[in-house]
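Enquirer: Below: one structure in structure tokens.
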């Protein structure tokens, strides 16, 4: 082989190697706004739009939009200490010890700490009911270091939500997103003031939807579960999507130690939206009530009623005089749809009924003795039990 041919061969090999390396880099490096070969977009992968720096995913743009709307809430209430010698008020004991005057027990200020989210530029703030429960004074620390007095617009213990108002305008706010569209696996950010250390942002995913914990006196639980670290002080803070929308109000954690172990729960934004609108407009929340107790299929009680499989929920009990009773619903009926929407879970069914205004007429698709039929029922109004309205 001549020297000229050797040089030409070497040049071709060099060009081939460079071409392979260049093709390899282009296949795996995604720039902002580009899509994987599968066609998945940033929402499905969890990557924030325009949020990459030197190939590293960043949520800084999301935080810069959301963080200014998240506030710290300080609450105070007076607590009277119990008397040390309460028996001195009893005439029987006073005949032995004389008519001694006992000093009234001193009062103490109990401090509360939580978080909140500005949802209107004119100063409306949403938080958890348990953050401000019993408070006689409420102060809100804004992102710009201002501290403002807040008044309670209304509270709803069954959903553990409350609305506050501060006298300010042109405030940063978060838009309520559609929590129903969130999927298990979607990336979320939790923003609040855990343990009073200052505003903190943590990241996780939606771990589950439609959760019940039974930890509070809340009657209507439909939590988004997340593994984004949440601790005491985060209550009332924001659970934010990668689109910078408020999709949940952080509310509870499950933990044997009191610290985060990745089991956090947030009130979904769609439930919060209904509650907030009613609290602002009416000062209280009205909920529809059908008047039935329903069971999951399958369950031990459903099996006893002869229902072991199939879609829907089983009517276990019908309240006398209720809308369900007047509509002719019976124990053992299987409700498969509400206003044409399929039903498969008792808690979801109850929440959908509760979101419907009292006095509304609903259409239930039921199965009785294997035959499908439709029943129309007019809803009554849910009345909280005394322990729920404290």
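Enquirer: Relative contact order for the stretch 288-388: what percent, with Cα pairs under 8 Å and sequence separation of 6 or more?
Expert: Computed over the stretch 288-388, the figure is 30 percent.
Enquirer: Just rank 222, 133, fewest to most, by other beta-carbon atoms within 10 angstrom. If you can, show how the numbers build up before the last one.
Expert: Numbers: 222 23, 133 15.
Going from sparsest to densest Cβ surroundings: 133, 222.
Enquirer: Between residue 373 and residue 280, how high is the FRET efficiency from 1/(1 + (r/R0)^6) when r is the Cβ-Cβ distance and R₀ = 51 Å? Nearest 0.05.
Expert: Values: r = 40 Å, r/R0 = 0.79.
It comes to 0.80.
Enquirer: How many nm is it between the label spots at residue 77 and residue 195, if each spot is 7 Å from the Cα in line with the beta carbon?
Expert: Each label point lies 7 Å from its Cα, and together they span 2.6 nm.
Enquirer: Also, I was wondering about something else. Where does each of 73, 205, 261, 353 land when they are ranked from fewest to most other beta-carbon atoms within 10 angstrom?
Expert: Lowest to highest Cβ neighbour count: 261, 205, 353, 73.
Enquirer: Here's something else I'd like to know. Residue separation times 0.36 nm, minus the C-alpha to C-alpha distance between residue 170 and residue 137: what's the value?
Expert: Details: separation 33, 0.36 × 33 = 11.88 nm, distance 2.39 nm.
Residue separation times 0.36 nm, minus the Cα-Cα distance, leaves 9.5 nm.
Enquirer: I would also like to ask the following. As a test of the definition: which semi-axes, in Å, follow for the stretch 111-249 when you take the square root of five times each eigenvalue of its alpha carbon gyration tensor? Largest first, please.
Expert: 23, 17, 14
Enquirer: Just to be sure I follow: if Rg is taken over the C-alpha atoms of the stretch 179-280 and Rh is the Kirkwood radius over the same atoms, what is Rg/Rh?
Expert: Details: Rg = 12.6 Å, Rh = 13.4 Å.
So for the stretch 179-280, dividing Rg by the Kirkwood Rh gives 0.94.
Enquirer: OK, next. Once label points are set 7 Å from the Cα along Cα→Cβ at both residue 341 and residue 110, what is their separation, rounded to one decimal in nm?
Expert: Inter-label distance under the simple model: 3.8 nm.
Enquirer: Further, regarding this structure: Only counting other Cβ atoms within 10 Å, I'd like 293, 175 sorted with the fewest neighbours first.
Expert: Details: 293 17, 175 12.
Fewest to most other Cβ atoms nearby, the residues stand as 175, 293.
Enquirer: Here's something else I'd like to know. From zero outward in steps of 5 Å, how is the percent of C-alpha pairs of the stretch 288-388 spread across the bins?
Expert: Binned Cα distances yield the sequence 2, 14, 25, 28, 18, 9, 3, 1, 0.
Bear in mind these aren't lab numbers, they're just calculated from the coordinates by the rules spelled out. Remember, it's a predicted structure, so these values are computed and weren't measured experimentally. Ideal geometry is used to build each Cβ from the backbone, glycine not excepted, and the neighbour counts take in all protein chains shown.
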